[in-house]
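The values are calculated or read from the model by the stated rules, or taken from the named source; none is laboratory data. Only a predicted model underlies this, so the values are computations on that prediction, with no experimental measurement involved. Cβ atoms come from the backbone with ideal geometry, glycine included; neighbour counts cover every protein chain shown. Heads up: the accessible areas ignore ligands, DNA and RNA and are worked out on the full protein's heavy atoms, side chains in. Shrake-Rupley method; radii C 1.70, N 1.55, O 1.52, S 1.80 Å.
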Amino acid sequence: MNELPQEVRRLLQQGQRRAAIELLCLHQRLSEEEATRRIDQHLEDNPPLRPRGAAILLASKLNFLVWLILIGLMVLVALFLSR
């Protein structure tokens, strides 16, 4: 199987499977079924890495903000209960 173009792999890493299939159709002039098959085969051979630990916080600013607020609230509750 031919290696997927870099732009297609980048879209897959960003979780944009549909856009990757469409780009592969255009890039290599494939049918949608063939492009889907190649994308599925690529994902099976190269499963995406799931972020862990601090990488989860860095992946999303909103996620980071939510955790920061929760930690701040826990500190405030601990200070309030210690009095």
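A few remarks follow.
- Count of region 27-58 residues which are surrounded by 11 or more Cβ atoms within 10 Å (Cβ to Cβ) and either within 28 Å of Glu3 (Cβ to Cβ) or in contact with a Gly (Cβ under 9 Å, 6 or more places away or on another chain) (or both): 16
- Considering only residues in region 59-68 that are open to solvent by less than 90 Å² (accessible area, probe 1.4 Å) and not polar (S, T, N, Q), the one that is modelled with the lowest pLDDT turns out to be Ala59.
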